[in-house]
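Comments concern the structure below.
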Amino acid sequence: MAFAAAGKEMGRASYIRLKHGEERREASWKAPEGRVFSATTRTDVAARLGELRDQILVGCASFTDLAAQHSGCSSARRGGDLVCMVEPIDMQNMA
């Protein structure tokens, strides 16, 4: 969704964050001890994200619902919604 405000393009960013055992910090707001993530591989995460994507594409579920249910990021409480952006943000450097 994009719209103009003060002559600038604006948009929203959303994502579903699935963690895995190779993370530097295994715990999340959903699993403070990180037990689930420590047993999850990058391959498991990629496969699960593919399954979630397929559910969205065939209309079985909405992105917002799946993010709220599966994301390990606190943005899950907002259906995966991160921010309203005016300029691009480098998500890798937001930590």
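The values are calculated or read from the model by the stated rules, or taken from the named source; none is laboratory data. Quick caveat: nothing in here was measured; it's all calculated off a predicted structure. Glycine gets a Cβ as well: all are built from the backbone with ideal geometry, and neighbour counts include every protein chain shown.
Worth pointing out:
- Residues of segment 45-87 classified as surrounded by fewer than 12 Cβ atoms within 10 Å (Cβ to Cβ) and in a loop (DSSP other than H, G, I, E, B), total: 4
- Flag for residue 12 being modelled with pLDDT of 85 or more and surrounded by 11 or more Cβ atoms within 10 Å (Cβ to Cβ): no
- Pairing residues of segment 50-74 that are free of Cβ contacts under 8 Å to residues at least 40 places away in the same chain with residues that are aromatic (Phe, Trp, Tyr) and buried (at least 17 other Cβ atoms within 10 Å of the Cβ), at Cβ distances under 9 Å and at least 6 apart in sequence or on separate chains, gives 52/63; 56/63.
Residues are listed down the side, and each one gets a yes or a no for (1) modelled with pLDDT under 70; (2) in contact with a strand residue (DSSP E or B) (Cβ under 8 Å, 6 or more places away or on another chain):
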residue: 30; (1), (2): yes, no
residue: 46; (1), (2): no, no
residue: 58; (1), (2): no, no
residue: 63; (1), (2): no, yes
residue: 67; (1), (2): no, yes
residue: 77; (1), (2): no, no
residue: 82; (1), (2): no, yes
